[in-house]
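J.: Take a look at the following structure, please.
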Amino acid sequence: MTLTTNARTDVGKKRDHNEDDFLCDEGLGLYIVCDGMGGHAAGEVASKLAVETIAGVVRAKSSALQAAPEHAKRDELARVMRHAVEMANSAVHGLGKSKKQHYGAGTTCSALLIQADGAALAHVGDSRVYLSRAGTLSQLSNDHTFVAEAVRRGMLSEAEAADHSAGHMLTRAVGPQPEVHVDTLVFDVLPGDTLLLCSDGLHNYCEDPDELRGLLDGPIDGLTDRLVDMANERGGEDNITAVALRAQSPSGKAELLRTSNAHKSFDALRHIALMADLSIAEVMLVAEALTTEVHAAGTVIVEEGATSAAMYVIVSGSLEVRRAGKPLAFLDSGSHFGEMALLTNSPRSATVRAASPSLLLVLRREKLYELVQKHPLVGVKFLWRLAQVQSMRLDDATMPMEDGRIRTVRLESFPSPFSRRKPEGGGG
């Protein structure tokens, strides 16, 4: 995998100094955007110190990263990036305590470490990281502002948030507090991907995702010039920084197969009901908890009467479901099964066998527990949909009528609590 990079920072049209800082270190595979705060004496010092500290930590850990076994490499990438931003927080906080002119120093931080085909994102604040892939734009970072948090929890709509007085009030930054919670995300980098790291001086002027996707899908040469010029033309009230990356790879058979399987796996996850409330970044968090299994035709995946602790998502291929030796159904790509095993130890109610060569994603109970513990909101969203799926499967529940006959009842589920649409009907 090779990366073409393009970067620019600009003071904007209203400020007299630039508190943003950035790094593009292709040797380390490290890319950072920091937006300092605290005024002329503090903000630009904080952002520069954060960038230097993160780079120093990653450089010191580069040998250990290279030596990490393949099965642990992605976890190690995330661990190193989290540690690097935590060290940056300690450095900036210490600066604010030791020098009066730097009191209140802080900075946002969005950083990517890319090695081989994987990337680890570490993020604090309201700078952003975007991914444009196959015609779809995704914001991989969460804004750490009061309003953005309220939107994520379903307390405000996007329209309400746009007019809120506390729109840019940060809930997290690098430096103001002795400790900081760092968001991390590990994901595949695929040929054709375009990644953008930027400060709010840019993304505040480009809130239309279709417009930004169109820009990111254009030529990489001069891309950040075009983005910065656009922000200045629309007001340029803040410093503006953008770092853009375009992934390219030789089109060998192995790479084409990896890319195809990665696209299929991600699409399968995005479109199952259990993921309906998750953002793209949250789906990526779930994806990191999954393992992949390839099964030849005729292979038994789960057996009736046996117990196991895994849910399966079909990426490609078809599976046959049998109970007591009799065929019940065929499942094809995009289907999932076995989710109740995540919650109970009940024996499997049917045998599932590969009817053709099949690629499956597997979520095991212990991985779900880890996901819920690390990311409670993602866990709540997932479990809410899991409960709804089970309820919908009971929509055909039998209910006796007055004449003793049985009728089938179709129940309508309430909207998710993460939707602003209110459930209809009363409750007591």
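The values are calculated or read from the model by the stated rules, or taken from the named source; none is laboratory data. Source: prediction; values computed, not measured. Here the Cβ positions follow ideal geometry from the backbone for every residue, glycine too, while neighbour counts run over all protein chains shown.
J.: With (1) crowded, with 19+ Cβ neighbours inside 10 Å; (2) assigned by TED's automatic domain parsing to the domain that holds Ala350; (3) out of contact with any Pro (no Cβ under 8 Å at 6 or more places or on another chain) as the list, and Gly317 as the residue in question, which single condition is left unmet?
T.: The failed condition is (3).
J.: If you don't mind, there's one more thing I want to ask. Looking at Val286, Val228, Val243, Val294, can you tell me which residue is β-branched (Val, Ile, Thr), in the same structural domain as Ala341 (by TED's automatic domain parsing) and out of contact with any Pro (no Cβ under 8 Å at 6 or more places or on another chain)?
T.: Details: Val228 fails: in the same structural domain as Ala341 (by TED's automatic domain parsing); Val243 fails: in the same structural domain as Ala341 (by TED's automatic domain parsing); Val294 fails: out of contact with any Pro (no Cβ under 8 Å at 6 or more places or on another chain).
After applying the criteria, what remains is Val286.
J.: Run down Val302, Val313, Val286 and say which single residue is among the hydrophobic types (A, V, I, L, M, F, W, C) and farther than 30 Å from Arg153 by Cβ.
T.: Numbers: Val313 fails: farther than 30 Å from Arg153 by Cβ; Val286 fails: farther than 30 Å from Arg153 by Cβ.
Selected residue: Val302, the only one of Val302, Val313, Val286 that is among the hydrophobic types (A, V, I, L, M, F, W, C) and farther than 30 Å from Arg153 by Cβ.
J.: Follow-up. Of all residues being part of a helix (DSSP H, G or I) and more than 19 Å from the chain's Cα centre (by Cα) in region 358-371, which is surrounded by the most Cβ atoms within 10 Å (Cβ to Cβ)? Just the residue, please.
T.: Arg365
J.: Can you give me the number of residues within region 43-100 that are among the polar types (S, T, N, Q) and under 18 Å from Asp117 (Cβ atoms)?
T.: 2
J.: Further question: Keeping to region 333-347, report how many residues are touching a Gly at 6+ places or on another chain (Cβ under 7 Å) and part of a strand (DSSP E or B).
T.: Qualifying residue count for the region: 0.
J.: Are there any pairs, at least 6 apart or on different chains, whose C-beta atoms fall under 7 Å, with the first in region 54-71 and surrounded by 12 or more Cβ atoms within 10 Å (Cβ to Cβ) and the second in a helix (DSSP H, G or I) and of a type in the set (D, E, K, R), and if so, which?
T.: Qualifying pairs under 7 Å: Leu65/Glu76; Ala68/Glu76.
J.: Mind telling me which of the residues Glu52, Glu44, Glu86 ends up being modelled with pLDDT under 95 and in the same structural domain as His168 (by TED's automatic domain parsing)?
T.: Glu44
J.: Kindly list, by first and then second residue, each pair from a residue in region 372-397 that is outside any helix (DSSP H, G or I) to a residue that is among the hydrophobic types (A, V, I, L, M, F, W, C) and at pLDDT below 75, limited to pairs with Cβ atoms under 9 Å and residues at least 6 apart or on different chains.
T.: Listed by first residue and then by second, the contacts come to Leu394/Leu411; Asp395/Val409; Asp395/Leu411; Asp396/Val409; Ala397/Val409; Ala397/Leu411.
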